[in-house]
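These notes concern the structure reproduced below.
Please treat every number below as a calculation from the coordinates, not as lab data. Values in this document were obtained by computation on a predicted structure and should not be read as measured data. Cβ atoms come from the backbone with ideal geometry, glycine included; neighbour counts cover every protein chain shown.
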Amino acid sequence: MVKPDRHGVVVMRLGVKISFSMVALALLATLIAAYLSGIAIRSSFDLYVDRNLSYRLDRIGVALAGYYLENKGWTGVQAVFDSLQLKGSGYGYHGGQEGAGKGRRSMSAEMMIGPGSGDVLLLDADDIVVAATDVALLGRAVSAFSIGQSLLIEANGVAAGKLVVVNQQKGFLENEFISSLNKAILWAAVFAAIVALILSMFVSKHLTRPLAMLTTAAGRLAGREFGCRVPVVTGDEIGELAQSFNFMADNIERNERLRRNLIADTAHELRTPLSILRGNLESLQEGIIKPSPEIIISLHDEVMRISRLVNELQDLSLADAGELRLNRRSVSADELVEKASLLFSSEAKQENVNFLVDVQPGMPQIYGDPDRIVQVMLNFLKNALFYTEPGGIVKLSAFIKDDQGIFSVQDTGLGMAPEEMAHVFERFYRSEQSRHRAGGGTGLGLAIAKGIVEAHDGEIWAESKVNEGSKFSFSVPFYQA
Ligand code: ADP
């Protein structure tokens, strides 16, 4: 449960931590309750004891005044004190005042001053003790005592004596009460700790089970089991964590698939031109064919195909790593469109396709790498030309939309089905036509275009309808001076 890990750091399981903190919390809460109730009780207890005592002294005073009048003095008053049993046992601090009935016993009960309240002395007019709850104090002068409450006893308006309380120990009752309260609180604390422990075991089990599943799944993912996922059973943070884990696993699985495909596709793309080169070179070596200009041109074409693929792969890997070097500057959309048109128009003419250009007047300068942006436009234009029949139209346009410059290439070509469109920006994705038509590309052009546009903080998208044509667009932010 609690053990040092291999780095020597003490590891405490989450469940233990939760139980530990809940028990500590329960104990702390009961201790604070005990402390605060102790303070409150102490402050109100003195008041209660004083009031109680003064009520009782009043009752004793009335009885003694009656005695004084009847006996014309205090002689024999100790017997009354004794009979009143002022310090009688079994009577606590919480005696009911109102509930006391009439009669000698109940009268006596009302006069009891309770344990810890000190001794009650009756002083005569000369302040000498004539009656006391402790007979040892009889005859002594009052100055010898620390006096608590006192009550003057008058008989027919003349001061007959004084009733005083001495040796009062107020803390006694409080301590007795608080110690019994503390005992109760201690039991409450033990009970709360046990309940907290049981509850925390449930809670920690509930919390740690999905975490344990996540740990196992993460271990399996690390072991290249890319298909493993965890069930998302709660909507709380742990549920969100499970969701994020699944999302991460999806991405890892997708990237792993892409990585495998990339290697397989690259090998596949290199194999064709290399085998053509190899076949031709071997035939030349063996004298089967003669080194004619046509053969040399075809060999050169294959070498160019390989070097284009290598360049594209390099661009793609730079874009993937976010390291595509851009020379961004303020540049006019007209200038870029013009540059791309110049490079493309003769090709369009050759293929008998109508090439149109439309730039919104007054477009602000955009902020981008001119060569890279023209590269994206040319990629769109070449694709458009490739999929458009002679007599069709390819249109390059630039316009403003929501603080951004949009460049679009629209064609009246074959178009794409929705399921095809979902993949066009993936690397090495090629439609069947592209694979079978001569001159089809490597399937990397749009993936690179996407990398370039995203490096410009722009977006790239496609719209298309089968047999009606396609429209590829991208956005680039305007230059902010
Ligand atoms: P490539 O052109 O080298 O095959 P791209 O990445 O440029 O590779 O294009 C990927 C795929 O997108 C193409 O094979 C094709 O299926 C589809 N595509 C691209 N542009 C168009 C277009 N204008 N019309 C129809 N399909 C297109």
The chain: longest segment with zero exposed GluC sites (Glu not before Pro), where exposed means DSSP loop plus at most 12 other C-beta atoms within 10 Å, is residues 324-467
Difference of contour (0.36 nm per residue) and Cα-Cα distance, LEU181 to ALA40: 49.5 nm
Once the dipole of the chain is set up from charges on Cβ (+1 Lys and Arg, -1 Asp and Glu), the residue from the list ASN327, PRO231, SER83 lying farthest towards its positive end is SER83
Dipole magnitude (debye, nearest 20) for the stretch 329-477, charges at Cβ of Lys, Arg, Asp, Glu: 360
What does the extension gain come out to for ARG325 and SER21, with contour length at 0.36 nm per residue minus their alpha carbon separation? 104.1 nm
Amide H neighbours of GLY161 under 5 Å, at least 5 residues apart or on other chains, H built in the peptide plane: list them. ILE153
Count the DSSP beta bridges whose two residues both fall in the stretch 309-414, then state the antiparallel fraction as a percent rounded to the nearest 5. 65
Relative contact order, percent, of the chain when contacts are C-alpha pairs under 8 Å separated by at least 6 residues? 10
On a 0 to 90° scale, report how tilted helix 237-285 is relative to the longest principal axis of the chain, with both axes built from alpha carbons and the result rounded to the nearest 10. 20
Mean separation of Cα contacts under 8 Å, 6 or more apart, over the residue count of the stretch 383-481: relative contact order %: 33
Fewest first, what order do LEU214, LEU152 take by the number of other Cβ atoms within 10 Å? LEU152, LEU214
Hey, what angle do you get for helix 370-386 against the long axis of the chain, alpha-carbon based, 0 to 90 degrees rounded to 10? 60
The stretch 125-249: relative contact order as a whole-number percent, Cα under 8 Å and 6+ apart: 12
From the residues ALA188, PHE425, SER473, which one has its Cα farthest along the dipole of the chain in the positive direction, the dipole being from +1 and -1 charges on Cβ of Lys/Arg and Asp/Glu about the Cα centre? ALA188
Sorted by packing (mean other beta-carbon atoms within 10 Å per residue), highest first, where do 47-53, 407-413, 34-40, 126-132 land? 407-413, 126-132, 47-53, 34-40
